[in-house]
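Here is the structure we will look at.
The values are calculated or read from the model by the stated rules, or taken from the named source; none is laboratory data. Treat the numbers as computed from the prediction; the structure is a model and nothing was measured. No Cβ is skipped: glycine too gets one built from the backbone with ideal geometry, and neighbour counts run over all protein chains shown.
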Amino acid sequence: MNSNQNRVNLSPVAQIAWTDPAPADLCGRVISALESGDVIFFPDLRFETTPREQRVFSPSIVGSSKNVSFDPASRKIACEAASEEDRGCLSEMLGRFNSQAAALVNSLLPAYRGRVTQGRASFRPVEIAGRKSSWRKDDTRLHVDAFPSNPVQGRRILRVFTNVNLEGRPRTWRVGERFAELAARFASSLRAPFPGITAALRLFHLTKSRRSAYDAMMLQLHDRMKSDDAYQSASPQTTVDFPAGATWMAFTDQVTHAAMAGQYQLEQTFLLPVAAMEDEQKSPLRTLERVKGRPLV
Ligand code: SIN
Ligand code: FE
């Protein structure tokens, strides 16, 4: 991987385990790379699945959805199509992945302890290459993550991914330019919503909390990127293969990414207030506020 200042880099961390305590110098290196917008890549951190769990390794398990989602708080699996027994398998596998991903974050990012909260986990058994979707939902287009119905009000989206493909196939991503370049490129076209819109979204329960100016602008940024064909093909970018048996972690609200190919992945989402960062000036919130010259939450 070439190290390019203007592009997202992979920062490799070899030979660690999910739950072992990590040495302080490693933690320091990881937090600074992560907050700078690198992908932290664990080439040999494998998530083991049991033969019983492997029964649910089929794209048909999701019905008409993209993935199976798991709420760590209620231990509930959202998957209408699955049988009782399959739901049991999914819940066991995602519950164990949730604990291991949380242990990894806890040991590698001690500065975030007590501040980071858990969101949902997901199992993604559908092949990405050739999957049909609208341009807005098409994750093969470069984008940063933003949640339409779950406003984050500036909080960071930290995600841990692991490739559990049983045939040894990689998950292929493209990663693009750094967030500062991205913000400079698109910020002039990002607008705060009219106050009436924010209130209506709450009133009709289309958002679970208030959609801040930051949330509205991140959604617009997501859409501007995905709908711009020239940006998709000509912006600085690198293709990355994450091998089966590998794990990686990134702030996906900051790292421009697109998932191009691959099947069978687990993902755990965490949320982090910007005030808990080592350097909150590196966050998308503070970056957009600098470009716009005003507070956005
Ligand atoms: C995405 O967040 O865009 C998709 C990542 C993946 O499923 O590999
Ligand atoms: Fe994404």
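Summary of computed values
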item	result
Inter-residue pairs, beta-carbon under 7 Å, first on the phi > 0 side of the Ramachandran plot and in the stretch 243-259, second within 12 Å of ligand 1 (Cβ to nearest atom) and modelled with pLDDT of 95 or more, 6+ apart	G245/N163
Qualifying residues in the stretch 1-39 (those that are more than 18 Å from F242 (Cα to Cα) and of a type in the set (S, T, Y)) - the one surrounded by the most Cβ atoms within 10 Å (Cβ to Cβ)	S36
Check on R224, more than 25 Å from K66 (Cβ to Cβ) and of a type outside the set (G, A, S)	no
Residue that is surrounded by 19 or more Cβ atoms within 10 Å (Cβ to Cβ) and in a helix (DSSP H, G or I), where the choices are D253, D223, D215	D215
Counted residues, the stretch 46-94 - those being within 16 Å of ligand 2 (Cβ to nearest atom) and buried (at least 19 other Cβ atoms within 10 Å of the Cβ)	2
Condition check for T172: under 21 Å from G245 (Cβ atoms) and modelled with pLDDT of 95 or more	yes
Output for the stretch 69-120, where each listed residue is under 20 Å from A17 (Cα atoms) and assigned to a loop (DSSP other than H, G, I, E, B)	L109, R113
Pairs with Cβ under 9 Å, 6+ apart, first in the stretch 150-164 and without any contact (Cβ under 8 Å) to a residue 60 or more places away in the chain, second within 14 Å of ligand 2 (Cβ to nearest atom)	N150/G119
Boolean, R174 is part of a strand (DSSP E or B), out of contact with any Asp or Glu (no Cβ under 6 Å at 6 or more places or on another chain) and more than 14 Å from D253 (Cβ to Cβ)	yes
Only one of E181, E167, E177 that is touching a Pro at 6+ places or on another chain (Cβ under 6 Å), of a type in the set (D, E, K, R) and more than 13 Å from ligand 1 (Cβ to nearest atom)	E177
Long-range neighbours under 6 Å by Cβ, at least six apart or interchain, first residue at negative phi within the stretch 69-81, second outside any strand (DSSP E or B) and surrounded by 13 or more Cβ atoms within 10 Å (Cβ to Cβ)	F70/L94; P72/N98; I77/R87; I77/L90; I77/S91
